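Q: Got a structure for you, questions after.
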Amino acid sequence: MRIAIAGEAPFELAPIRRAIRRAVRPYRLPADAEVQVAFVSDDEMRALNKRFRRIDKTTDVLSFGEAIPARDRGAGALAHIEKLRARSGGRFDLGEIVISPEQAERQAGRRKRPVVEEVAFLAAHGALHLLGYEDETPAGYREMLRLGHDAARQKSVKR
């Protein structure tokens with residue numbers, strides 16, 4: 001999996017890459033899968049959140065990818081994304097994850113954990129959204145928290 005980075009990360013990228021790979025590993029994405037991760041300011045994140053979610057405040061992470069029906073989340077999402085290869089120049093484009101390092105730092109402080117762990121969790125969380133997972137119900141929220149934390153806490157990723 002190729003992970004392209006835009007913007008300035010608040011620390012080394014290895015934990016972010018590991019968390020994303022760990023989060024998507026069970027779904028056996030094709031080797032040519034691509035995901036973009038962008039780090040933006042609070043102001044940019046607020047503008048994106050307002051534009052796409054109609055919420056006029058900053059947030060920690062947003063994901064932009066194909067709309068996946070809830071019943072097809074996870075492995076079922078791959079068929080939907082695979083159909084888009086022709087439009088994306090033959091690439092398997094999973095989507096984009098946008099993270100606000102400023103918001104992540106505030107959250108890490110409140111949660112009393114390292115900011116690197118918070119950002120890794122947000123990256124994994126964003127990747128799960130790209131695979132159709134949602135956190136709008138209590139059960140979905142708990143599932144995404146568990147999967148995101150499991151991916152972020154891993155020290156290494158087997159290749």
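Taken together, the values in this text are just the output of simple stated rules run on the coordinates, not laboratory data. Note that the structure is predicted; figures quoted are calculated from it, not measured. Positions of Cβ are backbone-derived with ideal geometry, glycine not excepted, and every protein chain shown enters the neighbour counts.
Q: Mind running the shape call on the chain? Use the C-alpha gyration tensor, a ≥ b ≥ c as the square roots of the eigenvalues: rounded below 1.5 for a/c, prolate if a/b tops b/c, oblate otherwise. All intermediate terms of the calculation are to be shown ahead of the outcome.
A: Values: a/c = 1.42, a/b = 1.27, b/c = 1.11.
In terms of gyration-tensor shape, rounded.
Q: Membrane-span-like helices in the chain: DSSP H runs reaching 18 Å or more (Cα, own axis), mean Kyte hydropathy at least 0.5? Could you put the intermediate results ahead of the total?
A: Values: long enough: 115-130 (23 Å, 1.26); 138-152 (21 Å, -0.53).
Result, helices passing both filters: 115-130.
Q: Lys/Arg Cβ at +1, Asp/Glu Cβ at -1, dipole of segment 17-118 taken about the Cα centre: which of H80, F64, Y27 is farthest positive-ward?
A: Y27
Q: If you don't mind, another one. With θ taken as phi - 60° and the coefficients 6.51, -1.76 and 1.60, list the Karplus ³J(HN,Hα) couplings across segment 33-41 in order, rounded to whole Hz; mark glycine and proline as x.
A: 4, 10, 9, 10, 10, 10, 9, 10, 6
Q: Between the DSSP loop rule and a limit of at most 13 other Cβ atoms within 10 Å, which GluC sites (Glu not before Pro) in segment 126-155 are left? It would help to have the intermediate numbers written out before the result.
A: Details: sites: E134, E136, E143; in loops: E134, E136.
Of the GluC sites (Glu not before Pro), the ones in loops of segment 126-155 whose Cβ has at most 13 other Cβ atoms within 10 Å are E136.
Q: About its Cα centre, what dipole magnitude does the chain give when the only charges are +1 on Lys and Arg Cβ and -1 on Asp and Glu Cβ, stated in debye to the nearest 20? Don't jump to the answer; show the numbers that get you there.
A: Values: 30 positive and 23 negative charges, 119 e Å.
That gives a dipole near 580 debye.
Q: So if I take the centroid of the Cα atoms in segment 105-123 and the same for segment 25-59, what is the distance between those two points in Å?
A: 16
Q: Can you figure out the FRET efficiency of S88 with L145, using R₀ = 25 Å and their beta-carbon distance, to the nearest 0.05? Before the final figure, lay out the partial values.
A: Working: r = 30 Å, r/R0 = 1.22.
Step by step, r from the Cβ atoms, then E = 0.25.
Q: Run lengths n ≥ 4 of DSSP H only: what is the helix-derived mean residue ellipticity at 222 nm for the chain, with -39500 (n - 2.57) per run over all residues, to the nearest 500?
A: On the way: 6 runs with 71 residues, N = 159.
That comes out to -14000 deg cm²/dmol.
Q: How do 68-80, 46-58 rank on mean C-beta neighbours within 10 Å, highest first?
A: On the way: 68-80: 15.0, 46-58: 13.3.
Result, highest mean first: 68-80, 46-58.
Q: Mind running the shape call on segment 13-53? Use the C-alpha gyration tensor, a ≥ b ≥ c as the square roots of the eigenvalues: rounded below 1.5 for a/c, prolate if a/b tops b/c, oblate otherwise.
A: prolate
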